[in-house]
Each structure stands twice: as structure tokens, then as C-alpha cells.
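The values are calculated or read from the model by the stated rules, or taken from the named source; none is laboratory data. These numbers were taken from a predicted model, which means no experiment stands behind them. Don't worry about glycine lacking a Cβ; one is built from the backbone with ideal geometry, like all the others, and counts go over all protein chains shown.
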């Protein structure tokens, strides 16, 4: 599953019509059995990428491909039920993504019924099996509860079970652990890793947490101001970062040896960069005049490591 050359802009509210470009020529590929982390600070466009993949929003330009087909061409208005069956999304907020009026049984049985995954007499057992698969055991203790009777981690497991109810091929996880405590976060990450292996799922893991990306993802893509500025195997990107922005993110990680590189803080003006230049130029400590004049071409390094930078961070021994 992939998006190619995707652009997206939103009109901001107010008396004067203002347009903010959120995605700029974005390419992302997700393969079955692989977890891809999309990292970057708030406002960089990560969630918009996930929503384009899930067809909750339509891009202004670009293509969405699924197994060699272009759903955006074949179904220009909305995603079909067949597409929803194959591609599911896990939302960030486990407290807002479940309907408080309905039981856990309702949340799981409804997609099973709509997508023909179980006969009427088999719905409850199929729902129990899903709860067991995501680690809510004994499942009978949870199935008749309502969301407010569960903890945040338990709700997120229910949300994952609901996504699995259609037997999808791809999961789009939008910061699924950001509202959870550290111990619960690790358990959810381990669950996603196990599901990707056992079900041969392709997973897009949207996060601002580089430690979670290091723990979970096979590949990591770094996004800034709507562009992918660095990509490659996670072990390479997070251990030998070459783009100045990735190096800045890594310097801000918690830990006894962590610091923070000197750089201007991000604000709306930094994200509203000129179309012709590098989006990171106004904050970059390694900026050159040419960086503001034109966007550099992608630079391919060893092992599938690609950066979009004219003056990369020197390679450390």
C-alpha cells in the first residue's frame, strides 16, 4: 500500500480565507508484515498522512495505491466497504474512539456482522476470540462492559480488537500509545508487533516518540512541515541520523546523556515556508543560502538511507 506525490492543504477559519499546506509531495509505502514509523513533532502532518491512507480525507493531488490499484481513481468520492475491510485505523484517543452508550460486545459484533466475518449465531464467540487475541482475558469479564468501565489501556485494546474484526491487511495506528502510561504503552507496542507478525499486517505507526519507534518499527520516516526529510531502516535513521532535524529530535530524547541542540523553536511561521526552499531552513543550524533558494534533491546513502538535505550532519565513526 502506498501514496505517491500527495499534496494536501486546508482552509483555515476566519474572515479572510487562508490556506495552509499540510502535505507536500509525500511518498510512503507500507508492506505486509512490516511496521513503518512516521515521526515528527506536532503539526508536521503525520496524522494527515494516516487519514489519507485510510481515506478519511482526500488529497488535493497524488495517488493512493493498494495492490496495484488506485482507489482514488476507481472510487473518487469515498472508500468502499471492501476498502474498509482491508484497511483499518486505530485512533489516538481511547476515550473518544469508543461510543460510551454501547457495550464492548456491540463495538466488536457490528463490524463482524457488516463485513460478513461471522454468522448471527457466531457473533458473540467471534467477539470473545478477538478480546482474547488482544490480551483482555478472561474475555467474558469484558464483553458486556461499557467503555467507561475500562482503563485507557483496556480501551485501546478494544479499539485494536475492533480494527481486527474485519481481518484487515493494513493497520494505521495514529499515536495509539500517547495517552497511556509507560508500562501500558510498552504492552500495546508489544501487542502491535505480535499482530504484525502473526497476521502478516502492514502497520503505519504514527508517533512523536522516538523510543517507541526504535522499539517497534522496521523502517522510520521523519516528517517536517509536510515533507519526508529522512527515511530508512530504523536502526540506521535513529542511530546514524544525517538530517539536522532528525539529529535535533534525537538530542531531545529523555535520558541521562540527553541534551537539546540550540535551534529556534517551531511556530506557524516556520511551517509556512516558501515552496521553493527547504522547509527546515529557518531553524537549521547548518543552513546555506542555497537551502532557501531551492529544495535539495534526495540523497541516497548506504542501506536504503535517504535524506533530503544539502548539508547533512557529518557521519560519526
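Does any residue in segment 190-205 that is farther than 23 Å from residue 51 by Cβ come within less than 6 Å, Cβ to Cβ, of a residue that is buried (at least 21 other Cβ atoms within 10 Å of the Cβ) six or more places away or on a different chain, and which pairs are these?
The qualifying pairs are 193/216.
Name the single residue, out of those in segment 37-70 being in a strand (DSSP E or B) and surrounded by 23 or more Cβ atoms within 10 Å (Cβ to Cβ), that is modelled with the lowest pLDDT.
Here the residue is 64.
I need a count of the residues in segment 164-188 that are part of a helix (DSSP H, G or I), free of Cβ contacts under 8 Å to residues at least 40 places away in the same chain and either within 17 Å of residue 46 (Cβ to Cβ) or more than 16 Å from the chain's Cα centre (by Cα) (or both). Let's see the steps before the verdict.
We begin by selecting, within segment 164-188, every residue part of a helix (DSSP H, G or I); these are 164, 182-188.
Narrowing further to those that are free of Cβ contacts under 8 Å to residues at least 40 places away in the same chain: 182-186, 188.
Subset that is either within 17 Å of residue 46 (Cβ to Cβ) or more than 16 Å from the chain's Cα centre (by Cα) (or both): 182-184, 186.
Result for segment 164-188: 4.
Considering segment 213-222 alone, what residues qualify as being touching a residue at least 60 places away in the same chain (Cβ under 8 Å), more than 12 Å from the chain's Cα centre (by Cα) and under 21 Å from residue 183 (Cβ atoms)?
216
Residue by residue, here is whether (1) within 24 Å of the chain's Cα centre (by Cα); (2) over 14 Å from residue 224 (Cβ atoms); (3) at pLDDT 90 or above holds:
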{"position": "249", "(1), (2), (3)": "yes, no, yes"}
{"position": "273", "(1), (2), (3)": "yes, no, no"}
{"position": "277", "(1), (2), (3)": "no, no, no"}
{"position": "290", "(1), (2), (3)": "no, yes, yes"}
